[in-house]
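Taking it in order: structure first as structure tokens, then the write-up.
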Amino acid sequence: MRKIGIHSFVWTNGASQADLERAIERSAEHGYGLIELSYLRPETFDLKALGRKASQLGLDIAVTMGLPQDADVSSADPAVAARGRAVLDDAVRITQDLGALRLGGILFSKHGKYDTMPTRDGWMRAAEAVAKTAELAAAGNVQIVLEVVNRFESNLINTTAQGLAFIRETGRDDVLLHLDTFHMNIEEPDPAGAIRLAGDKLGYFHFNENYRGALGTGTIGFPAIFDALVETGYAGDIVFESFSRRIVDEALCLACGIWRDTWDDNGPLAEQARRFIEMNWQQAVIRRNTLRSAESV
Ligand SMILES: [Mn+2]
């Protein structure tokens, strides 16, 4: 069943167990059915306790991450690539320990601006690493989704078409795409068309405004995005992601270029985002049904 989710960085930078537990509570209080957590160090956090807390409040968990520079599975340096594969294996175990069903994000390259061109060898190395991770994940009932991100955050997969080609390269049917309106807005000539192109390979979806602030207050053409999701029968989770320097941890600020506050008060922001998603989804369904009923007269 589709859940509306929220990224934990709306609530907290996730420095402590108590912070994350409070973020889980606040997500539930604001009517969300899923919380997205970033990669958590198992020696710092009690993952099973976080999973129990979420489950008690009826919340699903998804885990997302981006590989660090020194653990880039696409790297030509064998030690760096090997470290990347180990980080991915670790991330699958963390996802399982949290009781989460999905691991997404930038699992195929480092998260950040490259100063080198992508190479065919790097692409192959990344595809092989993701295939191995997917095999491990499948055994543990975890689904792998790959986030298509903009040119400043990876040099390997910037468009849906590239994402689909990459999935084919892995040779795995169970690896799906994770699309995000913020990234599509930068890279795709037609974001709604990109959703249609992904079709049944779309496994996870991030709603972001063009400047990563409150939904509906920027330039993303949301009605067309919702129409495409409804039209393709997308049944996966939809997650609100928004970053403000006020909350987000420094590593993510540096990777994503979050240099300023896009909002101050996360409670009203989260409330408005959930209502925005629910209302827009409803409107898209009504548009589709109205169109069809007119056709059948
Ligand atoms: Mn995203």
Legend entry - Only Lys, Arg (+1) and Asp, Glu (-1) charged, at Cβ; the stretch 4-296 dipole about Cα centre in debye: 200 debye
Legend entry - Virtual spin-label span in nm between GLN283 and THR44, 7 Å along Cα→Cβ: 4.0 nm
Legend entry - Placed amide H near ILE106: partners under 5 Å, 5+ positions off or other chain: MET65, GLY66, LEU67, GLU147
Legend entry - Table column - 3J(HN,Hα) (Hz), the stretch 41-47, Karplus curve with 6.51, -1.76, 1.60, x for Gly and Pro: 6, x, 7, 9, 10, 8, 5
Legend entry - Tensor-based shape of the stretch 203-297 (alpha-carbon gyration tensor, a/c under 1.5 rounded, otherwise prolate or oblate): prolate
Inset, instruction - Let me have the 222 nm mean residue ellipticity of the chain computed from DSSP H runs of 4+ only, each contributing -39500 (n - 2.57), with the sum over all residues rounded to the nearest 500. - result: -15000 deg cm²/dmol
Legend entry - Estimated FRET transfer efficiency (LEU136, SER293; beta-carbon r; R0 41 Å; 0.05): 0.30
Inset, instruction - Calculate, axis by axis, the spread of Cα positions in the stretch 4-296 along the three principal axes, and write the results as whole Å, longest axis first. - result: 58, 43, 38
Legend entry - Highest-first arrangement of 151-159, 174-182, where packing means the average Cβ count within 10 Å: 174-182, 151-159
Legend entry - the stretch 180-191 - phi-based ³J(HN,Hα) in whole Hz, Karplus 6.51/-1.76/1.60, Gly and Pro as x: 8, 4, 4, 6, 4, 4, 7, 9, 9, x, 8, x
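Each value in this text was obtained by applying a stated rule to the coordinates, not by laboratory testing. Because the structure is a prediction, the values reported are computed rather than measured. Cβ: placed from backbone, ideal geometry, glycine included. Neighbour counts: every protein chain shown.
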